[in-house]
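These notes concern the structure reproduced below.
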Amino acid sequence: MKGVIVLALKEMVIEKFGIDKWENASVKAGIKKEPLILPISNVDNQIFLRVVNSLCEVLNISFIQVANAFGDYWVNVYSQKMYRVYYENVKTAKEFLLKMDSVHVATTKSIPGANPPRFEYEWKDEKTLIMKYKSRRGLIDFMVGLIKGVGKFYKEDLKVTKLGSDKVEIVFPYC
């Protein structure tokens with residue numbers, strides 16, 4: 001996983017809960033001295049998961065709550081500073097979500113070592129999209145949180161339901 005994800009998580013925790021909570025979670029995760037992480041650094045998936053699980057303990061919240069908080073923060077705060085271009089000329093949550101696989105394809109080509117999740121799309125009906133999550137990381141709960149964050153960004157009341165370890169159903173309020 002790319003360092004930008006860890007940096008965003010760290011920024012969110014420090015901003016919302018304080019640096020002491022981040023430091024406590026890092027120690028609980030077995031990180032004695034925090035390494036220098038750049039946005040393009042490669043971070044071991046297991047280290048990321050250890051930090052997230054430690055945050056659950058330190059903050060006394062569930063994994064899903066961490067994933068939802070991260071999704072909201074990534075979409076509505078962090079990516080607005082780093083990746084604003086992806087939101088330009090996109091007017092709805094549906095447009096944005098349907099663009100994500102092509103963004104990840106471009107990311108894979110432009111950033112050495114990038115291996116973001118891929119997505120497949122299937123329309124259940126004109127208002128209901130099934131997004132298939134294709135990644136070995138098993139972070140479908142983070143995808144759910146990110147989709148909810150997209151709904152908030154576009155001020156749309158999306159109904160987001162995890163259908164399993166690799167599928168999410170999104171019901172759009174209008175089409």
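The values are calculated or read from the model by the stated rules, or taken from the named source; none is laboratory data. As the structure is a prediction and not an experimental result, all values here were calculated from the model. Surface areas here come from the heavy atoms of the whole protein model, side chains and all, with no ligands, DNA or RNA. Shrake-Rupley method; radii C 1.70, N 1.55, O 1.52, S 1.80 Å.
Details
- Span-like helix ranges in the chain, DSSP H, alpha carbon extent 18 angstrom or more, Kyte mean at least 1.0: 3-17, 140-153
- In this entry, the range 67-168 is assigned a mean projected area of 6.5 nm², taken as a quarter of its C-alpha convex hull surface.
- Across the protein chains, with a 1.4 Å probe defining accessible surface, the residues Trp22, Trp123 rank Trp123, Trp22 from largest area downward.
- Per residue accessible area in Å² of the range 4-116, where ligands, DNA and RNA are left out and the probe is 1.4 Å: 56
- Relative contact order (percent, whole number), the range 70-175, Cα cutoff 8 Å, 6+ residue spacing: 31
- Sequence of Lys16, Lys91 from largest to smallest accessible area, 1.4 Å probe: Lys91, Lys16
- Rg(Cα) / (2.2 N^0.38 Å) computed for the chain, rounded to two decimals: 1.03
- Relative contact order for the range 1-96: 30 percent, from Cα pairs under 8 Å spaced at least 6 residues apart, divided by residue count.
- To put it simply, the accessible area of the chain at a 1.4 Å probe is 54 percent carbon and sulfur.
- Average projected area [Cα convex hull, the range 23-120], square nanometres: 7.5
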